[in-house]
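Just below is one structure, and these are the notes that go with it.
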Amino acid sequence: MHIILGGLNLPRPGSNSVNSVLLSVISNMGFTYSYEGVGDIFLNLDHSKRCLDNWNAKNEESKPKVLIRLETESVFPMQYSLKIESRYSKVYTLGTFDKSFSELELGFPYGPTINHCNQSESLNFIEVFNQNKEDEIYSTANWNDRPKNVVFIGTNKILPKDNLYAVRRSFIRQELKNFSLELYGDLWIKARFKRMKYLLRISLYLFKTRTPINPFRKLSWVFEEYAGAKGVVKDKLHLLKQSKFNLIIENSSDFVTEKLFDAILCGTIPIYLGPVFHKDPLLEKALIRVTEAELLGSNLELIIQRSGYSVESILESMTQLMSSGQFVERWTAKGVFHSLLNDLVQYLKSVPIRVI
C-alpha cells in the first residue's frame, strides 16, 4: 500500500517530532509513503485544503481520503464541521473521548519532550521511564523531598474557541493571589508587544484555516497581568521532577494532551481537569480528579485535602500503568499510530477498490 501524506501537521523524515513516529510505523508495517502524487490512500494530518485538492487532482475520486485530527476543536474548529468531514471517507480524532464521535477511539500519541514547543528535543519514552525507575523517581521518599509543591506549566493562549482556557486563566489568577501555585509558561508575564504578535499569528492561522472568528474581540487579554509568573521553563521534565503536584487543566473537557503523561512520567501527582478514562482504571488511579465547579468554587489547598489522596498508592498506580503493555499500545505515539494503521487496513479491505 502506498500512502500519500498531507496536512497542517505533516511529519518529515529526519524530524524527531512525535508525529514523525508515524513515518517509521508506516515503513515497519511494510507500506510506503510520499507527500504528493498517485497513491492508494490519502492521509491528511489536520485538514489542509491545499493538500486535499492536490490529492483530488491526481487521484480517482473513489480512492479513500482520511482525516486524522491531531488538533482539538478549540484550536482548529473548522475541521470538526460537517462540511469538512463530508470531504473524507473516514475521520480519526486522536486523544478525544467524547462519545458523540463514532470513529475508533484512539489514545493520545504521547512522546516525552523537554520543551513541547521544540519538537527536536523529543525523547524515547521507554528510556526515560527506565532511567526514572533507576533514579527512584517514583518512591515516596523522593516525592516527599521535592522542593516545589504545586506547579502549572502551559502557554497563556487565546484560541478560536476558549473552552477550558478561560477556566485556566480565572483559577490561576486566583491561586497566584493565594501563593499556592508556581506558574510557568509563555505569555503569562506582562509582555504586550509579544502578545500582540501572537494575536497577529493567530489571525493569520484563522485566515489560513478559514475559521470565521475575530480574535481581536478579546483584546483585554493583551493587558492582563499575572503577578508572580515565572516565565518559560527550558526543561519541563526536570521541573516536574522537582514538584509534588502538577495542576493540569486540559484544552477541552473531552481531549487529553501530553501534559497528563509528562506529570505521570515524572512521578508528579496530577490535579486534573479533563476527560474521564473509563477504559483505563489505572490511569484514573494515577491522578487527583477535579471538576470545573470545584476549581471555580474552591482553592488548591482544599481540593488536595478533600481528595484523600495517598502518595504511595498514586505512585504505585503510575508505575503499574507505564509498565503495562496497554499503556504502550494506547498512549505512546508508536502504539497509537500502529492501531490507527491496523484499523485502516481492515477498513480498506471493505471498500470497493482493492488497494492492498
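The values are calculated or read from the model by the stated rules, or taken from the named source; none is laboratory data. Keep in mind that what you see is a predicted model, and the values were worked out from it rather than measured. Using ideal geometry, Cβ is built from the backbone for each residue, glycine included, and neighbour counts are taken over all protein chains shown.
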Apart from one, (1) touching a helix residue (DSSP H, G or I) at 6+ places or on another chain (Cβ under 9 Å); (2) among the β-branched types (V, I, T); (3) free of Cβ contacts under 8 Å to residues at least 40 places away in the same chain all hold for I264; the odd one out is (3)
Going by the conditions given, is T72 part of a loop (DSSP other than H, G, I, E, B) and either within 18 Å of V336 (Cα to Cα) or touching a Phe, Trp or Tyr at 6+ places or on another chain (Cβ under 6 Å) (or both)? yes
Within segment 3-55, residues part of a helix (DSSP H, G or I) and either in contact with a His (Cβ under 6 Å, 6 or more places away or on another chain) or polar (S, T, N, Q) (or both) come out as N19, S20, S24, V25, S27, N28, N54
Residue hits (segment 146-175; part of a helix (DSSP H, G or I) and in contact (Cβ under 8 Å) with a residue 12 or more places away in the chain) are Y165, V167, R168, R169, S170, F171, I172, R173, Q174, E175
Restricted to segment 281-328 and to residues being touching a strand residue (DSSP E or B) at 6+ places or on another chain (Cβ under 6 Å) and of a type in the set (V, I, T), the residue nearest to F245 (Cα to Cα) is I288
If we scan segment 185-192, do we find a residue that is assigned to a loop (DSSP other than H, G, I, E, B), at positive phi and crowded, with 17+ Cβ neighbours inside 10 Å?
-> yes
Counted residues in segment 17-32 being crowded, with 16+ Cβ neighbours inside 10 Å and within 22 Å of the chain's Cα centre (by Cα) come to 9
Picked from segment 80-97 (must be in contact (Cβ under 8 Å) with a residue 60 or more places away in the chain and either surrounded by fewer than 18 Cβ atoms within 10 Å (Cβ to Cβ) or out of contact with any strand residue (DSSP E or B) (no Cβ under 6 Å at 6 or more places or on another chain) (or both)), the residue farthest from V256 (Cα to Cα) is S89
Of (1) crowded, with 20+ Cβ neighbours inside 10 Å; (2) at pLDDT 90 or above, Q320 fails just (1)
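Residue-wise test of (1) modelled with pLDDT of 85 or more; (2) over 25 Å from R69 (Cα atoms).
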residue: K177; (1), (2): yes, yes
residue: E182; (1), (2): yes, yes
residue: K208; (1), (2): no, no
residue: K236; (1), (2): yes, yes
residue: I248; (1), (2): yes, no
Of N156, N124, the only residue that is under 18 Å from the mean Cα position of the chain (by Cα), loosely packed, with under 15 Cβ neighbours inside 10 Å and at pLDDT 85 or above is N124
From the option list E292, E312, E301, E284, single residue qualifying as within 26 Å of R69 (Cα to Cα), assigned by TED's automatic domain parsing to the domain that holds E182 and touching a residue at least 60 places away in the same chain (Cβ under 8 Å) is E292
Counting only helices (runs of 4 or more DSSP H) wholly inside segment 250-346, the ones holding at least 1 residues that are in contact with a Phe, Trp or Tyr (Cβ under 7 Å, 6 or more places away or on another chain) and among the hydroxyl-bearing types (S, T, Y) are 311-323
Q. Regarding S243, is this residue surrounded by 18 or more Cβ atoms within 10 Å (Cβ to Cβ), touching a residue at least 40 places away in the same chain (Cβ under 8 Å) and touching a strand residue (DSSP E or B) at 6+ places or on another chain (Cβ under 9 Å)?
A. yes
Out of (1) within 19 Å of the chain's Cα centre (by Cα); (2) over 25 Å from Y110 (Cβ atoms), the one K194 does not meet is (1)
Condition set farther than 18 Å from K285 by Cβ and of a type in the set (G, A, S), scope segment 248-265, selection surrounded by the fewest Cβ atoms within 10 Å (Cβ to Cβ): answer is S253
Can you find even one residue in segment 33-42 that is surrounded by fewer than 17 Cβ atoms within 10 Å (Cβ to Cβ) and among the aromatic types (F, W, Y)? yes
